Amino acid sequence: MAPQIDEEVLLASEKSDVYVIPNPDNPDRFLVVPGTLGVPEDGKKIWIRNISGSPAEVTFGIVIGSGGPVEILNGKSKSFLLKKAPVGVYEYDVDVVVKGTRVPAQGGSDPRIVYG
């Protein structure tokens, strides 16, 4: 069955929009790649894949998301439906939980979603 025109089709190498990975320069730290992701003003479903080696918690603010943390186990992906929002830059949080300690993941600085 052919995909609908308005459906996104992900290629094998594009299974997720964002990845949580160990920092190759500092194994005690983690990165969100890409650090900034653009979406349309009417929102979008994005996929985040965690390959950090530990569970991760993702929190989008209430303006663009649910406001509460969502856990992604290591090696797993989760989808997030981003709400319609005004043009702008919105930070979100990704924390990797290592032996009970939350370690903030960085994406250049803090991870961001750019609407517009």
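Whose amide H sits under 5 Å from the amide H of ASN74, counting only residues 5 or more places off or on another chain, with H placed in the peptide plane?
Residues meeting the criterion, in which the H sits 1.01 Å from N, are ALA56.
Check which residues have an amide H placed less than 5 Å from LEU31's amide H, if you skip close sequence neighbours.
ILE21, ASN23, GLN106
What number comes out for accessible area per residue over the chain if the probe is 1.4 Å? Units Å², please.
Result: 60 Å² of accessible area for each residue.
Looking at the chain, how many pairs of lysines come closer than 27 Å at the Cα, when each pair is eight or more places apart or spans two chains?
17
Give me the number: length gained by fully extending ILE21 to LYS78, i.e. 0.36 nm times residue separation minus the C-alpha to C-alpha distance, one decimal in nm.
Gain on stretching ILE21 to LYS78: 19.0 nm.
Considering only protein heavy atoms and a probe of 1.4 Å, how much of the accessible area of the stretch 23-67 is carbon and sulfur, as a whole percent?
53 percent
Percent of Cα-Cα pairs per 10 Å bin, from 0 to the last occupied bin, for the stretch 37-78, please list those.
26, 50, 22, 1
Can you list the residues, at least 5 places off or on another chain, whose amide H is less than 5 Å from the amide H of VAL39, using H built in the peptide plane?
Close amide H contacts, sequence-distant or interchain: VAL114, TYR115, GLY116.
Suppose we keep just the alpha-carbon trace of the chain; what are its Rg and Dmax in angstrom?
Over the chain's Cα set, Rg and Dmax evaluate to 14.3, 46 Å.
Taking 8 Å as the Cα distance limit and 6 or more residues as the minimum spacing, I'd like the relative contact order of the chain as a percentage.
29 percent
Once phi is turned into ³J(HN,Hα) by the Karplus curve 6.51 cos²θ - 1.76 cosθ + 1.60 with θ = phi - 60°, what whole-Hz value does each residue of the stretch 38-49 show in order, with x for glycine and proline?
Running phi through 6.51 cos²θ - 1.76 cosθ + 1.60 with θ = phi - 60° gives x, 9, x, 4, 8, x, 5, 8, 10, 10, 10, 10 Hz.
The values are calculated or read from the model by the stated rules, or taken from the named source; none is laboratory data. If you're wondering where the values come from, they're calculated on a predicted model, not measured in any experiment. Side chains are part of the model used for accessible areas, which takes the heavy atoms of the whole protein and leaves out ligands, DNA and RNA. Shrake-Rupley method; radii C 1.70, N 1.55, O 1.52, S 1.80 Å.
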